Amino acid sequence: MSVGAVSVRLVFLAGLGAALAACQSASSGSEPSPTERRVTERIFFGGTKLPEQKEEVRDLGCPAANILDGTAAYRTGDTTQARGVAYQAAINDLARECRQEGNMMRIKVGIQGRVLLGEAGKPGTYTIPVRIAVRGNGQTLSTRLVPVAVTIPASDSQAPFVTVDDSIAVPITAADPAEQYSVLIGLDPQGARQTGPRRQRRN
């Protein structure tokens, strides 16, 4: 065998050894290096690019949103008698949606409710205090008060209100967010502040 043939054979065997090492690395579950991938592509696949390994896509759940017990409604005024009630506010419905942003889960919640005037109430604008809290791992992670302005016209005794909050963001960990977190919503009488009725300015 000539010296040239021996050199070609040695180069081929060296390349084959590197390719086998790359295959062994891939079969063991580790990602082959760029050099190993190029050798494998050239010898076994004629230079055709190998498909890149894709990251596993997790199917993440959306945390539930619920009304905290005892906070679905409240009254103001002299609540000891029917004639003394100024108004009553109540939450009627909730909705939420989630989207993943990198390693965070953003939760948007929508709250729908209604304000009804009592016998001691007057048409005008009132501020309804909506409390939004996030719980996770058995503790309260965040809580904030969202004031919602509701105007009851002079021709009516009630008015609906809707507010949407998309400021909630929680970190995504090894656990499913739907199992790890929950959103609690309610009306906070301690944060209630009646602003009206407001007087209209005269020109």
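The values are calculated or read from the model by the stated rules, or taken from the named source; none is laboratory data. Being a predicted model, the structure only gives us computed values, none of them experimental. So basically every Cβ, Gly included, is an ideal-geometry build from the backbone, and we count neighbours across all protein chains shown. These accessible areas exclude ligands, DNA and RNA; they are computed on the full protein's heavy atoms, side chains included. Shrake-Rupley method; radii C 1.70, N 1.55, O 1.52, S 1.80 Å.
Numerical summary
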| read-out | value |
| --- | --- |
| Condition broken by residue 95, with the remaining ones in (1) touching a Pro at 6+ places or on another chain (Cβ under 8 Å); (2) at pLDDT 95 or above; (3) closer than 23 Å to residue 179 by Cβ; (4) not polar (S, T, N, Q) satisfied | (1) |
| Lone qualifier among 100, 88, 190 - being farther than 23 Å from residue 59 by Cβ and either within 16 Å of the chain's Cα centre (by Cα) or in a strand (DSSP E or B) (or both) | 88 |
| Residues within segment 108-153 that are closer than 18 Å to residue 178 by Cα, open to solvent by less than 60 Å² (accessible area, probe 1.4 Å) and among the aliphatic types (A, V, I, L, M), tallied | 4 |
| Qualifying residue in segment 168-181 (condition: over 20 Å from residue 60 (Cβ atoms) and either at pLDDT 95 or above or among the aromatic types (Phe, Trp, Tyr) (or both)) | no |
